[in-house]
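No lab work stands behind these numbers, since they all come straight from the coordinates. These numbers were taken from a predicted model, which means no experiment stands behind them. Here the Cβ is made from the backbone with ideal geometry for all residues, glycine too, and neighbour counts use every protein chain on show.
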Amino acid sequence: MEAFFITVCLFLLLNICLGLVRVWRGPTVADRLLTTQLFGTTGMAVLIILAGYLGELTLLNVAITFNVLAILLVICLVQVWKSGAKGGEA
Amino acid sequence: MSVWIDSLLAVLAVFLAVRCLLAPTLPQCVFLFFAFGLALALAWARLGAVDVAIAEAAIAAGFLGVLLIDALRDFAAPRTHGETAQKPHFLTQVLLGAGLVVFLYVALEAVWNVPDGGGLTALAADNLPRSGVDHPVTAVLLNYRSYDTWLEVGVVLMALLALFATGGKELFRRPVVGAVDPLLRQVILFFTPVLFLVGAFLLYLGKTEPGGAFQAAVLWGAAGILLHLGGWPVFAAMPRWTRQVLLTAGFGFFLLLGFIFMSGGSALFEYPVAYAGVLILIVETLAALSIAAALTAIFAYFNGMKAASVENEIPDPS
């Protein structure tokens, strides 16, 4: 069982490492933001796996915090950049 | 086996930090910083410091992320190269380097020499029943070392005051966005209560488990920022006195409590054992409200500042 937890955890962490390629190369800010969302989801998965592995259920609270705040970045990007475009046109 | 996870996390965190510092463009730098925050939060979780992990997740992924994205837009417009490409000052570099070396030395000195018997850990654990809470971190933050926490609440207020001082307060009055997209409206209507509830949950959880005022404050502040982005500038819409009371409630009540019990003969910020639990909860709630209001105001200020500058300047041809 321990080997299972660690394998899954390592797989998810390597996924994050692969996502870094998009952060580095991503031509637009939106591409990079989507990778950040991927990081948030993958990070949550790692935290949940760790909570099971270490037997520490309070780690789930960290996952919840990540989860509810993930939406904020997307809305901020959409709203801030949209209102900026309007200001530029005016 | 689990050493693989730890070494991967350690390498990832350092690699991301270096990459973030050396990134050639601003968007790369900002988004690498988010990834760095995630790696750091995972590392804290792996180290067993769940309090710090929650704070890192909330502040780095939430508040700082929003501020950085907002700032990124200000720098996205191409500008003349003359003002930014300034030659670094030699004396400043030397002083900064020397300061960093001294800081590193002090930090190493503090971490390297662990006192015999684990320092104050045993003392903190022994006094836990008298502190009014069951979680040692909350006990340290809000009972043993309340003075530090009180000043931390003050630091947030101070940051806001500095913003008021440099930019004036009138920027808060302008409405932000006009018509709200129905999808955005639904998302905001759904997430505002969720953020508020999760914040309240973390605040109350701080009594027994990792969580507490600062984490809750970021979540409540996130609710305020979300409403602001959706075109309901909650902070700006409040009457002036409400804003003032909201911003100073945490700091003021903390101080008042300290002085009231000091007049009764105890030390500053020493709570009577019988009421300690209730008092800590009230202090935490008010502090969280104040910090949340301050975070919302800081974001509203930066957002409004840009809107004002866009209107005043000649618009870019692009």
Restricting things to alpha carbons, tell me how big chain B is in terms of Rg and Dmax, in Å.
-> 22.3, 68
Which value in deg cm²/dmol, rounded to the nearest 500, describes the helix-derived mean residue ellipticity at 222 nm for chain B, given -39,500 (n - 2.57) per DSSP H run of n ≥ 4 and division by the residue count?
-> -24000 deg cm²/dmol
Return one number: the angle in degrees, 0 to 90 and rounded to the nearest 10, between the long axis of the Cα atoms of helix A:29-54 and the longest principal axis of the Cα atoms of chain A.
-> 20 degrees
Highest first, please rank the peptides B:36-47, B:126-137, A:30-41 by the mean number of other Cβ atoms sitting within 10 Å of their residues.
-> B:36-47, A:30-41, B:126-137
Rounded to the nearest 0.05, what FRET efficiency do B:Cys29 and B:Ile282 have when you use their Cβ-Cβ distance and R0 = 45 Å?
-> 0.65
Extension gain, B:Val187 back to B:Leu123 (0.36 nm per residue minus Cα-Cα distance, nm) = 18.3 nm
Segment B:Ala165-B:Ser2, length gained on full extension (0.36 nm per residue, minus Cα span) = 53.6 nm
When you have a sec, figure out the Kirkwood radius of the protein assembly as shown from all distinct Cα pair distances and drop it here in Å to one decimal?
-> 23.2 Å
When ranked by the protection proxy of mean other Cβ atoms within 10 Å per residue, highest first, what sequence do the peptides B:19-27, B:90-98, B:231-239, B:156-164 form?
-> B:231-239, B:156-164, B:19-27, B:90-98
Apply the membrane-span-like helix rule to chain B: whole DSSP H runs, Cα extent along the own long axis of at least 27 Å, mean Kyte-Doolittle hydropathy at least -0.5. List the helices found.
-> B:3-22, B:26-47, B:90-112, B:146-167, B:182-205, B:240-263, B:276-312
With the 8 Å Cα cutoff and a minimum separation of six or more residues, chain B has a relative contact order in percent of 19 percent
Taking chain A as the reference, fit the longest principal axis to its C-alpha atoms, fit the long axis of helix A:59-89 to the helix C-alpha atoms, and give the angle between the two in degrees, 0 to 90, nearest 10.
-> 10 degrees
Helix-only [θ] at 222 nm, chain A, -39500 (n - 2.57) per DSSP H run of 4+, per residue, nearest 500, equals -32000 deg cm²/dmol
Diagonalise the Cα gyration tensor of chain A and give the resulting equivalent ellipsoid semi-axes, square root of 5 times each eigenvalue, largest first, whole Å.
-> 33, 16, 5
Counting only C-alpha contacts under 8 Å and six or more residues apart, can you give the relative contact order of segment B:1-75 as a whole percent?
-> 26 percent
Set the Förster radius R0 to 30 Å, insert the Cβ-Cβ distance between A:Ala45 and B:Val111 as r into 1/(1 + (r/R0)^6), and round the FRET efficiency to 0.05.
-> 0.40
Mind ordering B:204-212, B:270-278, A:14-22 by average Cβ neighbours within 10 Å, highest first?
-> B:204-212, A:14-22, B:270-278
With contacts defined as alpha carbon pairs under 8 Å and 6 or more residues apart, what's the relative contact order of chain A in percent?
-> 25 percent
Report the extension gain between B:Ala17 and B:Leu95 in nm, rounded to one decimal, defined as 0.36 nm multiplied by the number of residues separating them, less their alpha carbon distance.
-> 25.8 nm
